[in-house]
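Below is a structure I'd like to ask you about.
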Amino acid sequence: MSSDIGVVGAGGWGTALAKIVADKGERVTLWCHGADSFRQMVETRENRAYLAGISLPAELTVTQSLGETVSNKRLVICAVPSHVVREVFSRAMDDLAQTTMILCGTKGLEEGSLKTMGELFVDLLGAGRKKNLAFLSGPTFALEVARMLPAAVTVAAADESVAKSIQQILSTQNFRVYTSTDVIGVQIGGVVKNV
């Protein structure tokens, strides 16, 4: 069964984002790289390494297939560490639809090149798909978000309609999402926050 949302990266942040969207009733596919983590999440319906005690909703499918995670999705969320974004998304490129919105929740610069995640994704996708890119930043902690404690984030996209679409998908009573068109400022804010 396919889902509308794909989340690439089953660390604390990726799992928390996948959970809050799935809790809203969205069908979410979460990509988990490690075989042991994958088995544990499927068997216990919990990400014990990062979010111990937090149950994963039934609407959340955990997979080791990157293609399954990104194919035929309206939104794909990037939640892998900055040093592997290029490698992981290079492998996902053939399965990403032209119309898929990509929300980068990764905070940081690419090691070596010092490119922002926005610059990295333009390298991978081409400038023509820049309008479907958005960036997430905020003073948040994965465990607090997963526990549904109040939190606020900003989604920035060059195309305001993309930011508003993602705002609608992510927003909950406890997870407030603001929008912006300042894609550089929001990315740098995320970099500085994680120093």
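The values are calculated or read from the model by the stated rules, or taken from the named source; none is laboratory data. What you see is a predicted model; the values in this text were computed from it and never measured. Cβ atoms come from the backbone with ideal geometry, glycine included; neighbour counts cover every protein chain shown. We work out accessible area using only protein heavy atoms, side chains counted, and drop any ligands, DNA or RNA first. Shrake-Rupley method; radii C 1.70, N 1.55, O 1.52, S 1.80 Å.
Testing Arg86 on (1) modelled with pLDDT of 95 or more; (2) open to solvent by less than 30 Å² (accessible area, probe 1.4 Å); (3) in contact with an Asp or Glu (Cβ under 7 Å, 6 or more places away or on another chain), one condition comes back false. Which one is that?
If we test Arg86 against (1) modelled with pLDDT of 95 or more; (2) open to solvent by less than 30 Å² (accessible area, probe 1.4 Å); (3) in contact with an Asp or Glu (Cβ under 7 Å, 6 or more places away or on another chain), just (2) comes out false.
Shifting gears a bit: So in region 56-70, with the set limited to residues that are under 23 Å from Val155 (Cβ atoms) and either among the aliphatic types (A, V, I, L, M) or at pLDDT 95 or above (or both), which one is surrounded by the fewest Cβ atoms within 10 Å (Cβ to Cβ)?
Of everything passing the filter in region 56-70, Pro57 is surrounded by the fewest Cβ atoms within 10 Å (Cβ to Cβ).
If you go through region 37-44 one residue at a time, do you hit one that is in contact with a strand residue (DSSP E or B) (Cβ under 9 Å, 6 or more places away or on another chain) and assigned to a loop (DSSP other than H, G, I, E, B)?
Looking through region 37-44, none of the residues is in contact with a strand residue (DSSP E or B) (Cβ under 9 Å, 6 or more places away or on another chain) and assigned to a loop (DSSP other than H, G, I, E, B).
Moving to a separate point now. Looking at Leu109, is it of a type in the set (A, V, I, L, M, F, W, C) and open to solvent by less than 10 Å² (accessible area, probe 1.4 Å)?
In short, no.
Show the residue pairs meeting these rules: Cβ distance below 9 Å; 6+ apart or different chains; first residue within region 167-189 and open to solvent by 80 Å² or more (accessible area, probe 1.4 Å); second residue part of a loop (DSSP other than H, G, I, E, B) and of a type in the set (D, E, K, R).
Correct list of pairs: Thr181/Asp159.
Quick test for you: out of Ala134, Ala157, Ala146, Ala163, pick the one residue that is modelled with pLDDT of 95 or more, within 21 Å of Val84 (Cβ to Cβ) and under 15 Å from the mean Cα position of the chain (by Cα).
Answer to the selection: Ala134.
Can you tell me which residues in region 21-46 are within 15 Å of the chain's Cα centre (by Cα) and open to solvent by 10 Å² or more (accessible area, probe 1.4 Å)?
Glu26, Arg27, Trp31, His33
Related question: Consider Ala49 carefully, then state whether it is part of a loop (DSSP other than H, G, I, E, B) and crowded, with 22+ Cβ neighbours inside 10 Å.
no
Next question. Checking the structure you have, find out if any residue of region 135-149 is among the aromatic types (Phe, Trp, Tyr), surrounded by 18 or more Cβ atoms within 10 Å (Cβ to Cβ) and more than 14 Å from Ala16 (Cβ to Cβ).
Yes, region 135-149 has at least one match.
Of all residues being in a strand (DSSP E or B) and within 20 Å of Phe141 (Cα to Cα) in region 52-77, which is farthest from the chain's Cα centre (by Cα)? Just the residue, please.
Ser55
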